Amino acid sequence: MLGFLVTAYATITPVSAQHDFDAFSGNPIDDTAIDGAIGSEWDDAGNYTDVAISPQGTAEIWTKQDGTYLYMAVRFTADSDNPWVAFLFGGTLCMEAGTDGALLGHDSYAANGYRDIAFNGFTEISVDASQDGKGAITVDSSNLVTVELKKPLNSGDSDGKDIAWTESNTYALIIMWNSNLYGASGGSVTHSDGPLEDRTVFINSNAIPEFSVLMFAVLLVATAISAFLLKKRITTKPMANVIS
Ligand SMILES: [Ca+2]
Ligand SMILES: [Ca+2]
Ligand SMILES: [Ca+2]
């Protein structure tokens, strides 16, 4: 019985060897919690530390989805209090034409806010006429940058290059930042300074493995209790049949 359960558990554990992030199935995050502060709303998200981002540095990343929205959060330390952060979705090249994007804190577009954008090739971006989702960026006195993003899985906005994300599929993305010129200030980092860190996110239909482990433990306890009760019932059976 135990062997069977272990096997059953192994088959429901998501395999993540093929991609960097799992956007696990989780609870919705209300717009009001997209505020640039990581809270308990991310407890059921995939969580990754020391992820290299472009053009330099490492970040902590959170990813999940609720069947309607994709959620991503990024936290890292910049070298100024006025950087911008950008996501490029569905591509592997810098500002790859025809890809979707999110831009946060860019002084020329939304100094302290979010814009749903599309990339049109080298140095060209456009702000979507249809602004979908919500994003927030905060920078504290230690230059700790926190970005939260909520994007519709299917906004229907093909003009804005918004992706129709579907479960069980993997998508390319790049997370980059800039603190020197080009809509930012106070630092020495330009987004094109370092290598592109190409990443992938898998839209996972399962909850985070921790939840699966919890369910497995509950199942195991329930099985042990029913086995105990069954054994008790068998041993307390009348002996009449045995004597004949
Ligand atoms: Ca939040
Ligand atoms: Ca859009
Ligand atoms: Ca877009």
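The values are calculated or read from the model by the stated rules, or taken from the named source; none is laboratory data. Remember, predicted model here, so these are calculated numbers, not experimental data. Quick reminder, even Gly has a Cβ in these numbers, built from the backbone with ideal geometry, and neighbours come from all protein chains shown.
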Residue that is nearest to ASP22 (Cα to Cα), among those in segment 142-182 that are more than 13 Å from ligand 3 (Cβ to nearest atom) and of a type in the set (Gly, Ala, Ser): SER168
Scanning segment 81-109 residue by residue, those crowded, with 18+ Cβ neighbours inside 10 Å and among the hydrophobic types (A, V, I, L, M, F, W, C) turn out to be TRP84, VAL85, ALA86, PHE87, LEU88, PHE89, MET95, ALA102, LEU103, LEU104
So ASP107 ticks every box in (1) outside any strand (DSSP E or B); (2) closer than 29 Å to PHE24 by Cβ; (3) modelled with pLDDT of 95 or more but one. Which box is left unticked? (2)
I need a count of the residues in segment 17-34 that are in contact with a strand residue (DSSP E or B) (Cβ under 6 Å, 6 or more places away or on another chain) and surrounded by 15 or more Cβ atoms within 10 Å (Cβ to Cβ). 9
Output the number of residues of segment 126-154 satisfying the condition of being crowded, with 18+ Cβ neighbours inside 10 Å, outside any loop (DSSP other than H, G, I, E, B) and more than 11 Å from ligand 2 (Cβ to nearest atom). 11
Considering segment 18-33 alone, what residues qualify as being within 14 Å of ligand 1 (Cβ to nearest atom) and among the charged types (D, E, K, R)? ASP30, ASP31
Of those in segment 40-68 that are surrounded by fewer than 22 Cβ atoms within 10 Å (Cβ to Cβ) and hydroxyl-bearing (Ser, Thr, Tyr), the residue nearest to ligand 3 (Cβ to nearest atom) is THR68
Filtered residue count, segment 168-211, keeping only those that are touching a Phe, Trp or Tyr at 6+ places or on another chain (Cβ under 7 Å), more than 23 Å from ALA52 (Cβ to Cβ) and of a type in the set (S, T, N, Q): 1
Looking at (1) part of a loop (DSSP other than H, G, I, E, B); (2) in contact (Cβ under 8 Å) with a residue 40 or more places away in the chain; (3) within 16 Å of ligand 3 (Cβ to nearest atom), which is the only condition GLY121 fails? (2)
If a residue has to be under 17 Å from the mean Cα position of the chain (by Cα), of a type in the set (Gly, Ala, Ser) and more than 16 Å from ligand 1 (Cβ to nearest atom) to count, how many in segment 92-145 make the cut? 1
